[in-house]
1. What FRET efficiency comes out for residue 402 versus residue 301 if R0 is 45 angstrom and r is the Cβ-Cβ distance? Round to the nearest 0.05.
2. What angle do you read, to the nearest 10 degrees and between 0 and 90, between the alpha-carbon axis of helix 292-302 and the longest principal axis of the chain?
3. GluC sites (Glu not before Pro), restricted to region 1-102: which are DSSP loop and have at most 16 other Cβ atoms within 10 Å?
4. Taking other Cβ within 10 Å of each residue's Cβ, how do 65, 468, 275, 107 sort, fewest first?
5. Grab the other residues whose beta carbon is less than 11 angstrom from that of residue 228, score K and R as +1, D and E as -1, and report the net.
6. Need one number: the % of Cα-Cα pairs in the chain sitting beyond the 39 Å mark.
7. Which of the trypsin sites (Lys or Arg not before Pro) found in region 339-443 are in a DSSP loop and have at most 10 neighbouring Cβ atoms, other than their own, within 10 Å?
8. Subtracting the Cα-Cα distance from 0.36 nm times the residue separation, let me have the gained length for residue 54 to residue 278 in nm, one decimal.
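Just so it is clear, none of the values below were taken in a lab; they were calculated from the coordinates. Remember, it's a predicted structure, so these values are computed and weren't measured experimentally. As a convention, Cβ positions derive from the backbone with ideal geometry for all residues, glycine included, and neighbour counts pool all protein chains shown.
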Amino acid sequence: MSINFEYGISKILCEKKAREYRCIPISINRGKISIAISEGVAMDIFTRINEIFNELGFVDKGYVYLSDNEIERLINTYYSIELDNPQVGAQINSFKKLRDIEGLYDYIIKKSNLLSASDIHILYENEYFIIRLRIRGKLKTLTILDKDLGESLIRIIKVSSNIEISRIRSPKDARFKYTLLNQEIDMRVSIVNTIENEKISVRILNPDNVPVNLKDLGISFEEEEIIRRTLRLNSGFVLVCGPTGSGKSTTLRCLLNEINDGLRHIISIEDPIEYTMSGITQIQIDETKEGSFKESLKSIVRQDPDVIYIGEIRDYESADIATKASLTGHLVFSTLHTRSSVSAIERIVNLGIDSASLVSSINLIINQRLAGVLCDECKQERIYEGEDIKELNLTNGQKIWEPLGCEKCNYSGYYKNVPIMDIVVFTDTTRECILRGEIPKIKNHKIKEKIALMLSKGEIELKEALKYLWY
Ligand SMILES: [Zn+2]
């Protein structure tokens with residue numbers, strides 16, 4: 001259902017109350033306020049909402065009943081950083097008033113960078129362009145622009161990245177560089193044509209915003225030490241697995257930096273190369289050329305490497321080279337898109353690799369997820385009401401915490417993203433077990449245990465914990 005949303009009206013009710021009472025003001029017409037509320041609203045809550053708006057001076061009210069999901073989406077979309085923060089609000093407002101699109105464009109990029117956003121999304125909805133930032137993994141609206149301003153913004157981004165100005169027909173990918181404080185930042189642009197308009201995503205590849213060293217990752221000291229022991233070896237295979245968005249490549253980047261001491265020749269084959277790392281020979285695969293990946297794979301071994309990083313094990317060739325190289329005096333790193341250590345081994349064996357040589361080549365498998373740790377300054381306490389969840393040690397009536405967002409956490413509600421790891425070190429005993437077919441011996445539930453612990457300590461929210469429980 002499309003509703004006539006007036007951006008800025010939501011400000012009448014603070015975000016905290018909107019979340020608490022599951023409602024959001026959507027428009028005002030001749031003094032009459034329209035409020036979207038959850039269709040399942042209880043009578044006492046409804047009375048309270050009515051009172052709140054009376055207190056705010058709105059006696060004439062109309063209610064629009066929406067599903068609870070839709071209310072959640074509206075709150076998440078229309079409460080923006082611009083409305084939250086008077087300073088940001090004043091800045092953006094002056095650009096809007098002057099129709100200064102160049103100024104606004106610079107401001108959006110600078111602000112995104114300041115807030116450590118990884119992506120800028122520009123999407124069209126109800127005649128508006130919504131500018132959203134991905135901060136620590138979660139989307140947060142920065143501002144909302146009218147159609148004209150939004151289209152001008154898209155035009156500037158297209159010009160910067162050499163994409164045709166007219167509405168595109170097929171998806172386009174491009175890159176451009178943005179100079180910020182004497183530093184060139186790579187921006188990766190992707191544009192698609194949607195039913196309503198164009199949708200743009202800009203990935204900000206600022207190396208300053210991602211952890212570079214093992215100690216910055218946020219894992220425990222014991223975990224760091226286990227990993228460091230493996231990195232001292234001269235040969236073997238280190239695999240990092242986990243679903244999309246679990247921070248695999250960030251972990252790998254930290255691992256490589258840890259051993260990048262100028263004494264070992266490190267060579268990588270990645271697609272795409274996200275961050276350039278000095279001291280490492282990085283090969284970019286030319287996807288437009290068929291067989292480019294295979295050719296590059298073959299060439300790396302001839303480059304006399306000590307350490308090889310293959311961005312992802314995706315076929316027999318990459319699995320074969322990784323195994324063979326690690327058995328012949330190279331330290332090999334790679335990632336695999338699986339959800340457990342066991343399935344990582346199974347996957348590689350299914351690609352056609354002999355299980356005995358695979359198992360003898362592996363030193364370490366890190367299976368990981370990425371969890372947003374709640375901001376201590378603004379997290380909200382709540383009592384959990386619902387069925388007990390045994391896997392999370394959660395019982396009815398227990399205290400849990402939820403994110404809100406404040407200046408300190410850049411309005412994300414989260415302090416930082418931390419990888420939650422299940423590290424399996426391959427000792428000779430582990431290897432023998434696996435070769436005897438006792439794979440379940442390495443099945444580990446550390447991720448679930450850690451999630452349950454973080455939930456009880458109020459470090460993560462229930463929604464996040466549940467997400468990791470089922471996969
Ligand atoms: Zn906060």
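1. 0.30
2. 40 degrees
3. Details: sites: 6, 15, 20, 39, 51, 55, 70, 72, 82, 102; in loops: 6, 39.
Passing sites in region 1-102 are 6, 39.
4. So the residues, fewest neighbours to most, are 65, 275, 107, 468.
5. So the environment of residue 228 carries a net charge of -2.
6. Every Cα pair in the chain considered, those over 39 Å come to 33 percent.
7. In loop regions of region 339-443 (DSSP not H, G, I, E or B), the sparsely surrounded trypsin sites (Lys or Arg not before Pro) are 436.
8. Details: separation 224, 0.36 × 224 = 80.64 nm, distance 6.19 nm.
Computed gain between residue 54 and residue 278 is 74.5 nm.
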